[in-house]
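Take a look at the structure below.
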Amino acid sequence: MGSRVSREDFEWVYTDQPHADRRREILAKYPEIKSLMKPDPNLIWIIIMMVLTQLAAFYLVKDLDWKWVIFWAYAFGSCINHSMTLAIHEIAHNSAFGNRKAMWNRWFGMFANLPIGIPYSISFKRYHMDHHRYLGADGVDVDIPTDFEGWFFCTTFRKFIWVILQPLFYAFRPLFINPKPLTYLEVINTVAQVTFNILIYYFLGIKSLVYMLAASLLGLGLHPISGHFIAEHYMFLKGHETYSYYGPLNLLTFNVGYHNEHHDFPNIPGKNLPLVRKIAAEYYDNLPHYNSWIKVLYDFVMDDTISPYSRMKRQRKGEMVLE
């Protein structure tokens, strides 16, 4: 067993933004990449079909035994609901209707939110924009675990529990790190979601409601797709803070695995990120990357030198314009 990891092992103060630097270089060399900065209308139809698929699943599980409700929540519903959170990630970047129809994206995000069961879309948009503008900024980027998480979840067993509880930490961490005043869109998101949940319970029953919520909790916790939470920014190699994943699960996650490409060009829809890598191959092919999110989860839990501390943090500098 290795020694216990401390914050000092991983905390450096950086003021540079490597993604911005690489973006400038790539655009200077390959200006044709600007043609990829356009909305993806197919995203709209894919999301509508995903919502309808989960509605059908809610109906199909309503009379099953409880063991089968939970089984299908993990085996099927978890994949749909986790994929839907990444669809909401696309919508947060205005990839459905474009920047000129920003509010259309917000309303559509609330629609996509419905099968997840927890009002999430509007708040995610606000915090995720900070993640891109101020990647790793202490007290601003709520993607970075708290000091408590790094201190407590430091052993193999505790890290395993932390992976299971990831959705709870992602939900409540912003309230401790960077709380923001409630907006009217968040109120609407909450009212719409609670109303939807009540309707599911009233017309289909408790099993359908439990299936929906369990699918979200299980799908965002100990699940192969959840490897992306750790793969994206945890420093398995010192000095590399963002990693891409080029495995098959990109098909279910709107290419969120192309994470270096995404942070370099957050206004390019996931559908086009493989083209970014293809055009500017010399900038990406030699960067460390993953081919298995399952292996990322295993290595995170089993490697004593990696913990929730294993993130690069930047000192806040100057004025920050927050959502």
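The values are calculated or read from the model by the stated rules, or taken from the named source; none is laboratory data. The structure presented is a predicted model; accordingly, all values stated were derived computationally and were not measured. Please note that ligands, DNA and RNA were not included when accessible areas were found on the heavy atoms of the full protein model with its side chains. Shrake-Rupley method; radii C 1.70, N 1.55, O 1.52, S 1.80 Å.
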Roll a 1.4 angstrom probe over the protein heavy atoms and tell me the percent of accessible area of the chain that is carbon or sulfur. 66
Normalised by the residues of the stretch 11-314, what does the relative contact order come to in percent, with Cα pairs under 8 Å and at least six apart? 29
Taking H placed 1.01 Å from N in the peptide plane, check which residues at least 5 places from ALA137 or on another chain put their amide H under 5 Å from its amide H. ARG314
How would the stretch 116-245 be classified by its alpha-carbon gyration tensor: rounded, prolate or oblate, with rounded meaning a/c under 1.5 and the a/b versus b/c comparison settling the rest? oblate
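Given the pairs LYS238/LYS278; LYS34/LYS180; LYS62/LYS101; LYS29/LYS271; LYS180/LYS313, which are separated by over 31 angstrom at their Cα positions?
Values: LYS238/LYS278 26 Å; LYS34/LYS180 33 Å; LYS62/LYS101 38 Å; LYS29/LYS271 22 Å; LYS180/LYS313 21 Å.
Beyond 31 Å between Cα atoms: LYS34/LYS180; LYS62/LYS101.
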J(HN,Hα) series, the stretch 287-303, from Karplus relation 6.51 cos²θ - 1.76 cosθ + 1.60, nearest Hz, glycine and proline x: 7, x, 8, 10, 10, 8, 6, 4, 5, 4, 4, 4, 5, 4, 5, 8, 7
Just check the stretch 243-323 against the gyration tensor rule for me: Cα atoms, a ≥ b ≥ c as the square roots of the eigenvalues, rounded for a/c under 1.5, and otherwise prolate or oblate depending on whether a/b exceeds b/c. oblate
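So what is the 222 nm mean residue ellipticity for the chain from helices alone, if each DSSP H run of at least 4 adds -39500 (n - 2.57) and you divide by all residues, rounding to the nearest 500 deg cm²/dmol?
Calculated from helices alone, the mean residue ellipticity at 222 nm is -16500 deg cm²/dmol.
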Whole-Hz Karplus ³J(HN,Hα) for the stretch 96-102, in order, using 6.51 cos²θ - 1.76 cosθ + 1.60 and θ = phi - 60°, x for Gly and Pro? 7, 10, x, 5, 6, 10, 4
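If you rank TRP162, TRP104 by how much accessible surface each has, with a 1.4 Å probe, what is the order from largest down? Mind showing how you got there, number by number?
Details: TRP162 0, TRP104 135 Å².
Largest accessible area first, the list is TRP104, TRP162.
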Sequence-distant or interchain residues sharing an amide H contact under 5 Å with SER244, placed H: which? HIS259, ASN260, TYR290
Restricting to Cα pairs under 8 Å and 6 or more apart, the percent relative contact order of the stretch 214-289 works out to 22
Among SER310, SER78, SER292, determine the one that fluctuates most according to a GNM of the chain built with springs between C-alpha atoms less than 10 Å apart. SER292
